[in-house]
Amino acid sequence: MLRELHISNLAVITDARIELHAALNCFTGATGAGKSLVIGALEVLLGLRSPSEMLRPGAAEGRVSGLFAVHDASILRQLEKIADVQLDGEGGELLLTRRLYNSGRSSVSLNGQPITLAMLKDIAETLVDVHGQHDHQFLLKPSNQLEVLDQFGDLSPLRDQYHNIYTQLSEARRRLQDLSTGQELRRQQLDLYHFQANEIDGAELDAAEVQELEARVRVLRNLEKLKKDASSAHSALYESDGAILERLKMVAAVLAESAELDESLKPTAQSVKDATIQLEESAFDLSRYIDRLDINPGELVEAEDRLNTINRILDKYGDTVEATLAMREEIGQKLAALEGETGDLSVLQKQIDPLAKKLKELGDQLTGKRKDAARKLIPQIEKQLAELGMEKARFSVTFDPAERTIPGCDLPAGASGFDQMEFLAQTNPGQLAQPLRKIASGGELSRIMLALKGILAQSDRVSVLVFDEIDSNVGGRLGAVIGSKLRDLGEHHQVLCITHLPQIAAYADRHLTVRKEVDGQQTITSVRAMEGEERLHELAEMIGGHHITATTLAQVQELLEAAKRPAAAPAPPARAKPKAATKASPQNKVPK
């Protein structure tokens, strides 16, 4: 779990130390107060977001630190392997720190020991699952979905057996292929592999750097246009005579008065008020954006030169940094095999035949059990989605043969089995089922993730779950259902959730509010835990705004009373042996 998050000199946060509880932690606050900045700071810490331009203006250095408690020995060993840092004797506590400098550079450390950005991202994927930003969601990757299904079906031991045989067979086939080449060809291959390895190593590739460079070059090339367009938009919104915000505030005031006379106007008046607040926040963001734009001719030349160097390597070896680095790893393996190979062809062939037979047996067995697990998972997920207000949603699992990755082997064998698998969802009747990674609605996607996490909670080893958009387009009645499920999820994981619904916040084990204040010429955001009367008033403001009445406070008490944990029930009797799975409906059919 994440015990504590410390943010220093990040955007509008000067210094914030946030203590978190093990279960459900909810962040609330007015629109524009900086709630998403807290999650943004966590993403910076985990390497999921570029820290460029996030340093507080005027600060020489910013820092985001997270104190994690990890008591699972297997996860600690995995982190040790990733970071090459000895964690024994640390009592399960990990201090992850990322520092940002006004030069644009950043650094990362684990328990005071420096680590690379690539290590940081692998650590992040092990410790935290962030929902709300599509590019960084663990469960959106088909390879991770396959791992989750295996955990749900208790297939990890069988998968490990398969992977062990797969590794042995892959190694044997590669050695056989290399030994079968002539000596002259072997020498030519060695020369080529050495040249390729040196060329790739010399480029010092980093996927995050490529993304940052491309984004920065795009901005620098269009700086004048960006500044002109942003200034025009800001003026129309805020500064010009008869600006949009000025007129909208007048309309909001008129509707608010009218709503006092006719309650049926209240939803409309509230919508206009909310739109006004959002536009004010957008105008503020535009102003800050304009202030950040500056011209540095040398920076564009330097960035383009570095990008050209990287693209030249990528064009030769893999199109992407990941593919090129995978190619480099493969080249290293081939070099080691060619330089040290002394095996005998006949011995290798005798090893390959029984290995291939065993792999076929394990791969077929794994595929069958995965399809059985998918049939059990589908109705459970659809039941959860119905409870979350998606009654018409349908969930399905597709299976396709894996790409063959063993040279000279006829089996559709990948490192994880014979299958390529993906979770699909049909969120509305009449729509085609599509992969989770292609679902555009952040609210729908977050609810699907919540349903999956609720089912997989006990088998999922990721300890910290973050939900940023889960109450998007959700009303109060469904908010209470989501709040209850988040709290249930908190029994197995630490959950961090940003919400604007009091019905969700009422379920929090720890309620934190984010407030933005203006101190002189500076805007400062603070984060405080809400308890007792303060929490009552915070929830009341979420319901009725700053004008708190006895009726509003009574509503808050009702929410908190409804959100109380039920008394512990007597232990249930031993479960009977589960019945055979019912036949799947056409919408969620799993291939035989």
| So, by mean Cβ neighbours within 10 angstrom, what's the order for 300-306, 413-419 with the highest one leading? | 413-419, 300-306
| field | Stokes-Einstein translational diffusion, the stretch 2-156 - Kirkwood Rh over all Cα pairs, 0.692 mPa s, 37 °C, in µm²/s | value | 196
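Which whole-number percent is the relative contact order of the chain (Cα, under 8 Å, 6+ apart)?
Details: 838 pairs, mean separation 127.7, N = 592.
Once normalised by length, the contact order is 22 percent.
Can you divide the C-alpha Rg of the stretch 1-68 by 2.2 N^0.38 Å and report the result to two decimal places?
The stretch 1-68 yields a ratio of 1.09.
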| message | I'd like to know which of Gln161, Thr31, Ile448 lies farthest towards the positive end of the charge dipole of the chain, counting +1 on Cβ of Lys and Arg and -1 on Cβ of Asp and Glu. | response | Gln161
| If one computes the Cα centroid of the stretch 382-401 and of the stretch 56-83, what distance in Å separates the two points? | 35
| request: Quick one: pull the percent of accessible area on the chain belonging to carbon and sulfur, 1.4 Å probe, ligands and nucleic acids left out. | output: 50
| task | Show which aspartates and glutamates lie in cross-link reach of Lys392 when reach means a straight Cα distance below 17 angstrom and same-chain residues fewer than eight apart are skipped. | result | Glu382, Glu444
| message | Highest mean first, how do 487-493, 267-273, 242-248 rank when packing is the count of other Cβ atoms within 10 Å averaged over residues? | response | 487-493, 267-273, 242-248
| Considering the Cα trace of the stretch 334-422, what is its radius of gyration and what is Dmax, both in angstroms? | 20.0, 64
| note | The helix 442-456 Cα axis meets the longest alpha-carbon principal axis of the chain at an angle in degrees, between 0 and 90 and rounded to 10, of 60
| request: Please determine, in degrees from 0 to 90 and to the nearest 10, the orientation of helix 266-292 with respect to the longest principal axis defined by the Cα atoms of the chain, where the helix direction is its Cα long axis. | output: 60
| Given Phe395, Gln384, Ala374, which one lies farthest toward the positive end of the charge dipole of the stretch 354-395, if we put +1 on the Cβ of every Lys and Arg and -1 on the Cβ of every Asp and Glu? | Ala374
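Restricting to the chain, compute how many DSSP beta bridges are antiparallel as a %, nearest 5. All intermediate terms of the calculation are to be shown ahead of the outcome.
Values: 50 of 66 bridges.
Rounded to the nearest five, the antiparallel share is 75 percent.
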| query | What is the stretch 172-211 by shape, rounded, prolate or oblate, if you read a ≥ b ≥ c off the alpha carbon gyration tensor as root eigenvalues and call it rounded for a/c under 1.5, prolate for a/b larger than b/c, and oblate otherwise? | reply | oblate
| field | Per-pair calculated FRET efficiency, R0 = 25 Å: Arg437 and Glu403 via Cβ, rounded to 0.05 | value | 0.85
| Too long at a 29 Å Cα-Cα cut-off: which of Lys121/Lys334; Lys371/Lys564; Lys141/Lys485? | Lys371/Lys564
| What percent do you get for the relative contact order of the stretch 1-94 when only Cα pairs under 8 Å and 6+ apart count? | 34
| message | Please give me the summed charge of the neighbours of Asp201: other residues whose Cβ is under 13 Å from its Cβ, Lys and Arg +1, Asp and Glu -1. | response | -3
| query | Relative contact order for the stretch 30-160: what is it in percent, counting Cα pairs under 8 Å that are at least 6 residues apart? | reply | 21
| Equivalent ellipsoid semi-axes, the stretch 202-262, via Cα gyration tensor eigenvalues times 5, rooted, Å | 45, 17, 4
| field | Neighbour net charge for Asn102 - beta-carbon separation under 12 angstrom, K R +1, D E -1 | value | +1
| From the square roots a ≥ b ≥ c of the eigenvalues of the alpha-carbon gyration tensor of the stretch 257-329, which class results: rounded (a/c under 1.5), prolate (a/b over b/c), or oblate? | oblate
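Given Cβ point charges of +1 (Lys, Arg) and -1 (Asp, Glu) and nothing else, what value in debye, to the nearest 20, does the dipole of the chain about its Cα centre take? Can you show the working numbers first?
On the way: 70 positive and 87 negative charges, 430 e Å.
Taking the Cα centre of the chain as origin, the dipole is about 2060 debye.
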| Gap separating the Cα centres of the stretch 220-254 and the stretch 488-506, nearest whole Å | 36
| message | What does the charge count around Ala256 come to, taking other residues whose C-beta lies under 10 Å from its C-beta (Lys +1, Arg +1, Asp -1, Glu -1)? | response | 0
| said: Let's test this: bin the Cα-Cα distances of the stretch 270-383 at 5 Å from zero up to the farthest pair and state each bin's percent. | reply: 2, 7, 6, 6, 7, 8, 10, 10, 10, 9, 8, 6, 5, 3, 2, 1
| field | Kirkwood hydrodynamic radius (C-alpha pairs) into Stokes-Einstein, the stretch 369-468, 20 °C and 1.002 mPa s, D in µm²/s | value | 142
| Of the listed peptides 506-517, 541-552, what is their order by residue-averaged count of other C-beta atoms within 10 Å, with the highest listed first? | 506-517, 541-552
| task | Sort the stretch 199-313 into rounded, prolate or oblate with this rule: let a ≥ b ≥ c be the square roots of the eigenvalues of the Cα gyration tensor; rounded if a/c is under 1.5, and if a/c is not under 1.5, prolate when a/b is larger than b/c, oblate otherwise. | result | prolate
| query | What accessible area per residue, rounded to a whole number of Å², is obtained for the chain using a probe radius of 1.4 Å? | reply | 53
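The values are calculated or read from the model by the stated rules, or taken from the named source; none is laboratory data. In this text, all values refer to a predicted model and were calculated from it rather than measured experimentally. With ideal geometry, Cβ positions are generated from the backbone for all residues, glycine too; neighbour counts draw on all protein chains shown. The protein model used for the area step is the full one, side chains on, heavy atoms only, and it has no ligands, DNA or RNA in it. Shrake-Rupley method; radii C 1.70, N 1.55, O 1.52, S 1.80 Å.
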